[in-house]
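The values are calculated or read from the model by the stated rules, or taken from the named source; none is laboratory data. Model, not experiment: these values are computed from the prediction. Every residue, glycine among them, receives a Cβ derived from its backbone with ideal geometry; neighbour counts consider all protein chains shown. Ligands, DNA and RNA are stripped out before the accessible areas are found, and what is left, the full protein with its side chains, is counted by its heavy atoms. Shrake-Rupley method; radii C 1.70, N 1.55, O 1.52, S 1.80 Å.
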Amino acid sequence: MIPVNEPLLAQRELEYVSECVRTGWVSSAGRFIEEFEEKWATYCGRHHGIAVSNGTAALQVAVACLGLKPGDEVIMPTFTIISCALAVVYSGGVPVLVDCDPRTWCMDVTQIERKITPRTRAIMPVHIYGHPVDMDPVLHRSEKHGLAIIEDAAEVHGAEYLSGRNTNQPNCRRRGSFGSLSCFSVYANKLITTGEGGMVLADDAVLAKKARSLRNLCFQPNRRFYHEELGFNFRLTNLQAALGLAQVERIEEIIARKRWIGQEYNHHLADLKGLQLPVEEPWARNVYWMYGVVLSEETGMDATVFAQRLKAQGIETRPFFLGLHEQPVFHQRELFLRERYPVAKRIARQGLYLPSGLALTAEQLTEVCDAVRKALAK
Ligand SMILES: Cc1ncc(COP(=O)(O)O)c(C=O)c1O
């Protein structure tokens with residue numbers, strides 16, 4: 001079976017992790033945590049990095065920093081992982097949804113304005129499968145209405161966006177550099193990994209201090225077992241950060257490999273009818289975190305049947321997200337009932353992603369493409 005993802009770890013990772021074992025710095029203090037935080041923040045053009053135990057925790061910390069009041073609203077795409085909505089619901093807020101763009105599968109930024117109410121506190125853009133959200137309209141809404149931005153950059157390490165393209169000062173910015181707080185996951189299938197892990201990035205020193213405190217049970221610096229706020233234990237270990245630092249040090253090589261995989265798939269699959277491939281908008285650098293495809297209904301198949309045909313040929317795939325508005329757990333809480341998001345609904349049924357891991361070889365990629373061709377021809 002060609003797996004949908006396989007991480008590619010190297011000698012430096014082994015050296016750094018061995019150093020932790022040799023020196024005994026295996027828990028949540030040690031040089032690798034700070035270096036990992038600093039290097040990743042700098043790479044993304046941010047002042048502060050706060051490493052946490054996973055990407056879901058990063059979102060929870062970021063949303064907790066907003067100090068939502070019960071009923072405060074956060075606008076987000078329906079086409080995303082449940083973590084985005086969980087962070088808001090756990091904070092007593094209400095997720096408010098928009099549909100996604102049929103080309104990039106990221107949030108449809110033209111739908112944000114009509115979802116803004118007096119209760120709206122923030123917008124949460126989520127970059128999908130390696131392609132950035134069109135951020136200028138999001139920044140514009142945020143400025144116009146005084147809303148915070150929590151950027152979910154879990155799937156786009158190193159992706160770039162050309163901001164201000166309609167002005168005479170366009171500016172190429174990395175994902176993770178937008179908004180009040182940006183969140184990353186560094187789970188094993190992400191571009192860089194610590195096994196399980198995440199990071200919150202911020203420029204504002206007060207917000208960064210708050211996030212750091214929330215990560216560690218809101219211990220007081222001068223009075224340890226005295227607490228004035230509700231915190232979490234979302235600490236990352238030095239052992240995990242050792243892996244992360246080694247990965248950050250070769251991020252450009254990792255991005256180049258992901259882009260090679262994306263472009264090879266584009267090249268081999270371009271002539272196939274009935275298959276929508278990922279795009280790279282002129283204002284974006286796609287890092288092809290996962291290579292997604294959407295099947296046309298004219299193929300007579302949905303993604304479940306397509307996945308079965310690929311599995312029968314030894315190819316593992318993953319279905320696209322099922323929209324937040326289709327999740328029973330939210331319906332039970334009276335959320336999103338009778339709301340319609342046709343683009344997300346369609347791609348949830350017709351979309352899947354192909355093997356995209358860093359360890360994928362050229363031969364395996366050709367094998368996947370041959371299998372796709374056969375699955376469509378049946
Ligand atoms: C867009 C997005 N946000 C958040 C997360 C949550 O990250 P984690 O799995 O590290 O909790 C993921 C995970 O894949 C994700 O894809």
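Could you tell me which residue of the range 202-215 is nearest to A41 (Cα to Cα), considering only residues that are part of a helix (DSSP H, G or I) and open to solvent by less than 10 Å² (accessible area, probe 1.4 Å)?
A208
Confirm whether S27 is more than 16 Å from the ligand (Cβ to nearest atom), open to solvent by less than 50 Å² (accessible area, probe 1.4 Å) and over 22 Å from M124 (Cα atoms).
no
Say we look at the range 136-161 and pick out the residues that are modelled with pLDDT of 95 or more and in a strand (DSSP E or B); which of these is nearest to the ligand (Cβ to nearest atom)?
Per the stated criteria, the residue is D152.
Considering only the range 139-170, state which residues are within 16 Å of E281 (Cβ to Cβ) and in contact with a strand residue (DSSP E or B) (Cβ under 6 Å, 6 or more places away or on another chain).
A159, E160, Y161, L162, S163, G164, P170
Checking the condition modelled with pLDDT of 95 or more, buried (at least 24 other Cβ atoms within 10 Å of the Cβ) and under 22 Å from K209 (Cα atoms), which residue from M76, M124 passes?
Answer to the check: M124.
Filter the range 122-135 down to residues that are in a strand (DSSP E or B) and closer than 24 Å to V61 by Cβ and give me whichever is nearest to the ligand (Cβ to nearest atom).
In this case the residue turns out to be V126.
Among the residues that make up the range 219-235, is at least one of them open to solvent by 10 Å² or more (accessible area, probe 1.4 Å), of a type in the set (K, R), free of Cβ contacts under 8 Å to residues at least 12 places away in the same chain and over 30 Å from Y353 (Cα atoms)?
yes
Taking C65 as the residue in question, decide whether it is touching a strand residue (DSSP E or B) at 6+ places or on another chain (Cβ under 7 Å) and within 16 Å of the ligand (Cβ to nearest atom).
Taking the combined requirement at face value, the residue does not satisfy it.
Looking only at the range 157-201, count how many residues are surrounded by 24 or more Cβ atoms within 10 Å (Cβ to Cβ) and under 26 Å from R114 (Cβ atoms).
Total meeting the criteria: 7.
Could you tell me whether any residue of the range 358-373 is under 28 Å from D134 (Cβ atoms), touching a residue at least 24 places away in the same chain (Cβ under 8 Å) and surrounded by fewer than 20 Cβ atoms within 10 Å (Cβ to Cβ)?
Looking through the range 358-373, at least one residue is under 28 Å from D134 (Cβ atoms), touching a residue at least 24 places away in the same chain (Cβ under 8 Å) and surrounded by fewer than 20 Cβ atoms within 10 Å (Cβ to Cβ).
Can you pull out every residue in the range 276-300 that is under 19 Å from V343 (Cβ atoms) and assigned to a strand (DSSP E or B)?
Scanning the range 276-300 gives Q276, A284, G292, V293, V294, L295.
If the Cβ limit is 7 Å and pairs must be 6+ apart or interchain, which residue in the range 177-204 that is at positive phi pairs with which residue that is of a type in the set (D, E) and at pLDDT 95 or above?
Listed by first residue and then by second, the contacts come to G179/E151.
Only one of I75, I81, I50 is within 12 Å of the ligand (Cβ to nearest atom) and of a type in the set (A, V, I, L, M, F, W, C). Can you tell me which?
Being within 12 Å of the ligand (Cβ to nearest atom) and of a type in the set (A, V, I, L, M, F, W, C) holds for just one of I75, I81, I50, which is I81.
Determine if the range 59-66 includes at least one residue that is in contact (Cβ under 8 Å) with a residue 24 or more places away in the chain, under 26 Å from I251 (Cβ atoms) and open to solvent by 50 Å² or more (accessible area, probe 1.4 Å).
For the range 59-66, residues in contact (Cβ under 8 Å) with a residue 24 or more places away in the chain, under 26 Å from I251 (Cβ atoms) and open to solvent by 50 Å² or more (accessible area, probe 1.4 Å): absent.
If you go through the range 165-192, how many residues are among the charged types (D, E, K, R), within 18 Å of D203 (Cα to Cα) and either more than 15 Å from the ligand (Cβ to nearest atom) or not in a loop (DSSP other than H, G, I, E, B) (or both)?
Residues that pass the stated criteria total 2.
Show me the helices (runs of 4 or more DSSP H) found entirely inside the range 326-378 where at least 1 residues are under 27 Å from L86 (Cα atoms) and touching a Gly at 6+ places or on another chain (Cβ under 8 Å).
342-350
Name every residue in the range 110-121 that is open to solvent by less than 20 Å² (accessible area, probe 1.4 Å) and either in contact with a helix residue (DSSP H, G or I) (Cβ under 6 Å, 6 or more places away or on another chain) or in a loop (DSSP other than H, G, I, E, B) (or both), in order of residue number.
Passing the criteria: only I112.
Look through F32, F36 and report the one residue that is crowded, with 19+ Cβ neighbours inside 10 Å, in contact with a strand residue (DSSP E or B) (Cβ under 7 Å, 6 or more places away or on another chain), aromatic (F, W, Y) and in contact (Cβ under 8 Å) with a residue 12 or more places away in the chain.
F36
Among E326, E281, E316, E297, which is surrounded by fewer than 20 Cβ atoms within 10 Å (Cβ to Cβ) and closer than 19 Å to V133 by Cβ?
E281
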